[in-house]
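Colleague: Quick one: the structure is below, questions incoming.
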Amino acid sequence: MGMPDNPTTKDKIFFAAVRLFSRDGYDQATVRDICREAGTANATAVNYYFGSKAKLYKAILDMVFAENLRRRTEQEKAQPSNGLSPKAKLRRFLTIMVEVGFSDHPVAKDITTIVLREMMSPSQHLDDLVEQFTRPDNEELSGIIREILGEDAPDFLIRDSLASVGGQIFYYLAFWPVFSRVYPEHPGISKYQEPLIDHIMRFSMAGLTATRDALEKGEIPPLLTARGNNDTA
């Protein structure tokens, strides 16, 4: 996922765009800035190699999708899902998320920032991100959670449990600049991956087990799905 040893002009433009989209965001990073960062004086180079800034950005997101698929394919080959317990599947899923999200590789860090920026300040490419990246991950995690809670678990409970599990990782991703200042003694996530995965597993399994028990005891009321049903007059 990094710059080739002998990069072409196209490679230089691509990875310059990764850096600038990460630092400045899609709207603020101009074609001229990208070309300058890539070391080319030709301001038309982006259009020549990629067609437009939008298509260059899409090419970067496509790399994210391909890398995510590659990692999941490798994990599936190493540990086929049909031989794993739901708990083992959850740990495998969390391991991939943490390894991808908290990589020390500078390009990986920039890519993570681009994805977070896209979620918080969407561009025209958000739908692509959702369909090719977020939705497949959500479907996989939802399936694991349903195995743990039971096939009869209501959809809203699966959804909220998914947010609770995944949110533990996204908290660190989104708030690390603040978190690291509040807790300066923290060694950094890249050096803390296994303890973090262990903690999220313990916390998540305890919560999911308690949720399953409450569901079996009838302690979780059905969700009022009609809009406005929870409003007070």
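The values are calculated or read from the model by the stated rules, or taken from the named source; none is laboratory data. Owing to the predicted nature of the structure, the values given are computational and were not obtained by experimental measurement. FYI the Cβ positions are ideal-geometry reconstructions off the backbone, even for glycines, and counts take in every protein chain you see.
Colleague: Could you grab the pairs with beta carbons closer than 7 Å, sequence gap of 6+ or different chains, first residue in region 21-43 and at positive phi and at pLDDT below 95, second one loosely packed, with under 14 Cβ neighbours inside 10 Å and of a type in the set (S, T, N, Q)?
Modeller: 25/121
Colleague: Let me ask something additional. Just to check your reading of the model, which residue among 95, 73, 113 is in contact with a Lys or Arg (Cβ under 9 Å, 6 or more places away or on another chain) and either surrounded by 15 or more Cβ atoms within 10 Å (Cβ to Cβ) or assigned by TED's automatic domain parsing to the domain that holds residue 190 (or both)?
Modeller: 113
Colleague: In addition: For residue 118, work out the one condition from (1) touching a His at 6+ places or on another chain (Cβ under 8 Å); (2) surrounded by fewer than 19 Cβ atoms within 10 Å (Cβ to Cβ); (3) not polar (S, T, N, Q) it doesn't fulfil.
Modeller: The one condition residue 118 does not meet is (2).
Colleague: Could you check region 21-35 and list, in sequence order, the residues that are surrounded by fewer than 21 Cβ atoms within 10 Å (Cβ to Cβ) and either β-branched (Val, Ile, Thr) or farther than 13 Å from residue 54 by Cα (or both)?
Modeller: Hits for region 21-35 are 23, 24, 30, 31, 32, 33.
Colleague: For residue 88, are the conditions met, namely being assigned to a helix (DSSP H, G or I), free of Cβ contacts under 8 Å to residues at least 24 places away in the same chain and either assigned by TED's automatic domain parsing to the domain that holds residue 17 or aliphatic (A, V, I, L, M) (or both)?
Modeller: When the stated conditions are applied, residue 88 passes them.
Colleague: Does any residue of region 99-114 turn out to be part of a helix (DSSP H, G or I), in contact (Cβ under 8 Å) with a residue 24 or more places away in the chain and more than 23 Å from residue 194 (Cα to Cα)?
Modeller: Yes: one or more hits.
Colleague: Counting just the residues of region 8-20 that are among the charged types (D, E, K, R) and over 19 Å from the mean Cα position of the chain (by Cα), which one comes out surrounded by the fewest Cβ atoms within 10 Å (Cβ to Cβ)?
Modeller: Selected residue: 11.
Colleague: Return the residues of region 113-130 that are of a type in the set (S, T, N, Q) and within 17 Å of residue 167 (Cα to Cα); say none if nothing qualifies.
Modeller: 113
Colleague: Can residue 194 be described as assigned to a helix (DSSP H, G or I) and either modelled with pLDDT of 95 or more or acidic (Asp, Glu) (or both)?
Modeller: yes
Colleague: Taking residue 68, is it of a type in the set (S, T, N, Q), closer than 27 Å to residue 202 by Cα and out of contact with any helix residue (DSSP H, G or I) (no Cβ under 9 Å at 6 or more places or on another chain)?
Modeller: Answer is no for this residue.
Colleague: Suppose we filter region 57-112 for residues that are in contact with a Leu (Cβ under 9 Å, 6 or more places away or on another chain) and of a type in the set (Ser, Thr, Tyr); how many remain?
Modeller: Summing the residues that are in contact with a Leu (Cβ under 9 Å, 6 or more places away or on another chain) and of a type in the set (Ser, Thr, Tyr) in region 57-112 gives 1.
Colleague: Looking at region 153-169, can you tell me whether even one residue there is in a loop (DSSP other than H, G, I, E, B), loosely packed, with under 15 Cβ neighbours inside 10 Å and at pLDDT 90 or above?
Modeller: Checking region 153-169: at least one residue is in a loop (DSSP other than H, G, I, E, B), loosely packed, with under 15 Cβ neighbours inside 10 Å and at pLDDT 90 or above.
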